[in-house]
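J.: Pasting a structure below so you can have a look.
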Amino acid sequence: MKKYTLIGPFKQILTMAGLPLKGALSDEQLPILENGGIIMVDEKIHAVGSYPEIQTEANRLNAENIHIQTNMVCLPGLIDAHTHICFGGSRANDYALRNSGKTYLEIAKAGGGIWDTVTETRKAATSSLIAGVKTRADRHLTRGVTTIEVKSGYGLSVQEELKMLRAIALANEQCQSDLIPTCLAAHMVPKDYNGTADDYLLEISTSLFPILKKENLSHRIDAFVEEGAFSPASIAAYFDMAKAMGFDITVHADQFSTGGSAVAVKYDAISADHLEASTEKEIQLLAKSNVVATALPGASMGLGCNYAPARRLLDAGAALAIASDWNPGSAPMGNLLVQAAVLGSFEKLTNTEVLSGITFRAATALNLKDRGTLKTGLLADLVAFPTNDYREIFYQQGMMPPSLVCKKGKLVMDI
Ligand code: NIG
Ligand code: FE
């Protein structure tokens, strides 16, 4: 038996439906449904429409009723398309050192940075990794984030990467949000590896990739293309293998130096993330491609550096997603909405561009076609904020907590 539930009336529903994937968006383009309601059927959306009309349909279907008594604005559940929330330890020391003048790369060279988290993550029991992921994912859920990409990349050996990806899979079973796992074994060359960078990548691609397939642990392969991590030349064979095996590609690109975005375009990656160092050349390259450009304002805030050129990317015609990059090193804050709102203010993005970046454009950055807008047949992932004007959400710079979060048709938070 199908279970139908009517939820509403909402003062405004921002369906995000019908907007283009690429390019600049004005707030006049934002479809706003006033006094709307949504009928959910099991995990999915059955219908979205004006409340009186939808009520008639709900009666016909014998739907349960979640009646909203106060003014609320409803939008698709938020999607965080880039995080590293599976890790052990803390990098408070790095953060303090950075703020005393040391650079991210200097700290990494001195034994801090990513390697420090690798050491702590390897020491951590699977159960404590799961608990950490769950705590962070639950915190995201209370802020309206219903889908979270989670990378490995702090294991850096076949066994340790497997430990992380299995922990992420187990955490996914315990979380109400969806966790989308990504293999980031190419985060850096492990300091204890007995061989060259090429040897390491070859071992990962030949030994780990088949297990990822067999155990269905991830269908996404990421690499940090950067000085001190992997060069465009060294990552080529790795991505060739990943593509040949049918994995989606995503790249940590142009964070401190350029080169990564060209790799992303060459490999027809789903997304190129970071882009703080991108110049006009990279902007044009991305804009002409199908690669989603993902800005990570949380990393700019954590490192105290410039934001990705989001305005110029959009004006050039790129698809822009915005993600938190939540990780223990460069982006410890982990508040997607605040970061997206602040990026909007620094980069002069319209509310519609910011909202698109954390909903349907973020879904595209994960190659997910079943979410990101509110329309019939897609997942019933919703978030509603206690206001009668959606612009308040950004005016309050992402600090307004949602009143209600629905994941796959189930009320997971209601205050
Ligand atoms: O996206 N840039 C590389 N990786 C992460 C940082 C990971 C870390 O510092 O632990 C990032 O910023
Ligand atoms: Fe990252």
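The values are calculated or read from the model by the stated rules, or taken from the named source; none is laboratory data. Since the model is a prediction, treat every value here as computed from it, not as a measurement. Heads up, the Cβs are rebuilt from the backbone with ideal geometry, glycines too, and the neighbour counts pull from every protein chain shown. Just the protein is used for accessible areas: all its heavy atoms, side chains included, with ligands, DNA and RNA removed. Shrake-Rupley method; radii C 1.70, N 1.55, O 1.52, S 1.80 Å.
J.: Whose amide H sits under 5 Å from the amide H of Val292, counting only residues 5 or more places off or on another chain, with H placed in the peptide plane?
T.: Placed amide hydrogens put Ser271, Ala272 under 5 Å from Val292.
J.: Between segment 2-42 and segment 274-337, what is the separation of their alpha carbon centroids in Å?
T.: 26
J.: In Å², and per residue, what accessible area does segment 53-126 have when probed at 1.4 Å with the other protein chains present?
T.: Details: 3680 Å² over 74 residues.
Normalised by residue count, the accessible surface of segment 53-126 is 50 Å².
J.: Once phi is turned into ³J(HN,Hα) by the Karplus curve 6.51 cos²θ - 1.76 cosθ + 1.60 with θ = phi - 60°, what whole-Hz value does each residue of segment 202-213 show in order, with x for glycine and proline?
T.: 5, 5, 4, 5, 7, 9, 8, 3, x, 6, 4, 5
J.: Treating the angle as unsigned and between 0 and 90°, give the value, to the nearest 10°, between the Cα long axis of helix 113-123 and the longest Cα principal axis of the chain.
T.: 80
J.: For the chain, set up a Gaussian network in which alpha carbons nearer than 10 Å are linked by springs, and say which option among Leu141, Leu30, Leu156 fluctuates the most.
T.: Comparing Leu141, Leu30, Leu156 in a Gaussian network model of the chain, the most mobile one is Leu30.
J.: Sticking with this structure for a sec: How big is the antiparallel share of DSSP beta bridges in the chain, given as a percent to the nearest 5? Don't jump to the answer; show the numbers that get you there.
T.: Details: 26 of 58 bridges.
Once the DSSP bridges in the chain are tallied, antiparallel ones form about 45 percent.
J.: On average, how much accessible surface per residue is there in segment 171-236, in Å², for a 1.4 Å probe, leaving out ligands, DNA and RNA?
T.: Details: 2820 Å² over 66 residues.
Spelled out: the 1.4 Å probe surface of segment 171-236, per residue, equals 43 Å².
J.: What angle do you read, to the nearest 10 degrees and between 0 and 90, between the alpha-carbon axis of helix 126-142 and the longest principal axis of the chain?
T.: With both axes taken from Cα atoms, the answer is about 40 degrees.
J.: Before I look further, what does segment 281-415 give for accessible area per residue, probe 1.4 Å, in whole square angstrom? Numbers along the way, then the final one.
T.: Details: 4400 Å² over 135 residues.
Result: 33 Å² per residue.
J.: Running a GNM on the chain with Cα contacts under 10 Å, which residue among Ile249, Ile114, Ile66 ends up with the highest mean-square fluctuation?
T.: Looking only at Ile249, Ile114, Ile66, the largest GNM fluctuation is found for Ile66.
J.: From the backbone phi of segment 98-104, what are the Karplus-calculated ³J(HN,Hα) couplings (6.51 cos²θ - 1.76 cosθ + 1.60, θ = phi - 60°) in whole Hz, Gly and Pro given as x?
T.: 4, 6, 8, x, 7, 8, 4
J.: Which ³J(HN,Hα) values, rounded to whole Hz and listed in residue order, are derived for segment 387-401 from phi using the Karplus coefficients 6.51, -1.76 and 1.60 in 6.51 cos²θ - 1.76 cosθ + 1.60 with θ = phi - 60°, glycine and proline given as x?
T.: Residue by residue, segment 387-401 yields 7, 9, 9, 4, 5, 4, 4, 8, 4, 7, 6, x, 8, 6, x Hz.
J.: Another one. Carbon and sulfur atoms: what percent of the 1.4 Å accessible area of segment 79-365 do they account for?
T.: Answer for segment 79-365 is 54 percent, counting heavy atoms of protein chains only.
J.: May I ask for the longest run of the chain untouched by trypsin sites (Lys or Arg not before Pro) that are loop-located per DSSP and have at most 11 neighbouring C-beta atoms (other than their own) within 10 Å? Let's see the in-between values first.
T.: On the way: sites that count: Lys2, Lys191, Lys348, Lys369.
For trypsin sites (Lys or Arg not before Pro) (loop position, at most 11 other Cβ atoms within 10 Å), the longest site-free span of the chain is 3-190.
J.: Only helical DSSP H runs with n ≥ 4 go in: add -39500 (n - 2.57) per run for the chain, normalise by residue count and round the 222 nm mean residue ellipticity to 500 deg cm²/dmol. Present the calculation step by step, with values, prior to reporting the outcome.
T.: Details: 17 runs with 154 residues, N = 415.
-10500 deg cm²/dmol, from helical runs alone.
J.: OK, next. Around Thr15, which amide H atoms from residues at least 5 apart in sequence, or from another chain, sit under 5 Å from its own amide H, with H modelled in the peptide plane?
T.: Leu33
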